[in-house]
Amino acid sequence: MAAKFPIAVGDEVSLLNEVGGGVVLALLPRERVRLRTFDGFELVYPLDHVVKRAHGTAYPVSDHHARLVAANDRLHERIERDKGRGASAQNGGKAVKRVEDPQVMEIDLHLHKLLENEGGLSAGEKLTFQLDYFERMLNTAIREKKRKLIVIHGIGEGVLREEVRKALQYYDGVRFDDADPRRYGYGATEVQILVHH
């Protein structure tokens, strides 16, 4: 899909999956671009999530992609709705006594948490979907001026953990390390967001 939209540094682009856009600052490995968004944040997006701004052109989005995005948005709304009650995947949906820090955002990249039906996706598509979701949530955390993002990726073969950490290297102003093993076991990464624009 990327080949249809040759994009160069300095181009203005729109985002396919969310409102807004920005100016391309850099083209990155693994078909990613670093943008300065119109609201002033430096964020990284997959190349196929941006389209060069041109007046009056429609952009093609596959039905499959549109369904994934819609399912993802529904899930996010569900999480947002229940978040205030302190329920999370880790505590089996029970409200916790401890006061949660509003400056900390927590996301779970396990596919059964992100998709109602993961059948029909290849291993590569699953990984891409998880990484795209991770980057969207990291961009959200940066925009919402969160202090920390906890990324629950599980232990497994470590592929997702490695890819999450590789993606983090393209962001300025974040530091990451293993999350607290007493709380998350060994399947989570804690991202500290150091700079706020």
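Things worth noting here:
- In plain terms, the chain from residue 19 to residue 53 could stretch by 10.9 nm, reckoned as 0.36 nm per residue minus the Cα-Cα distance.
- For the stretch 6-45, the list of GluC sites (Glu not before Pro) that fall in a loop by DSSP and count at most 16 other C-beta atoms within 10 angstrom reads 18, 31.
- 3J(HN,Hα) couplings calculated from phi for the stretch 170-180 with the Karplus curve 6.51 cos²θ - 1.76 cosθ + 1.60 (θ = phi - 60°) are, in sequence order, 8, 9, 7, x, 10, 10, 9, 7, 5, 6, 4 Hz; Gly and Pro show x.
- ³J(HN,Hα), Karplus 6.51/-1.76/1.60, whole Hz, each residue of the stretch 142-155, x for Gly, Pro: 5, 5, 8, 6, 6, 8, 9, 10, 9, 10, 8, 10, x, 8
- Proximity of backbone amide H atoms, modeled 1.01 Å from N, is registered between residue 33 and 28, 45, 47 at under 5 Å, excluding neighbours fewer than 5 places apart on the same chain.
- Going by neighbour counts of Cβ atoms within 10 Å, the residues 164, 174, 50 line up, fewest first, as 174, 164, 50.
Values quoted throughout were computed directly from the atomic coordinates according to the rules given, and no laboratory measurement underlies them. Values in this document were obtained by computation on a predicted structure and should not be read as measured data. Note: ideal-geometry Cβ built from the backbone for every residue, glycine included; neighbour counts use all protein chains shown.
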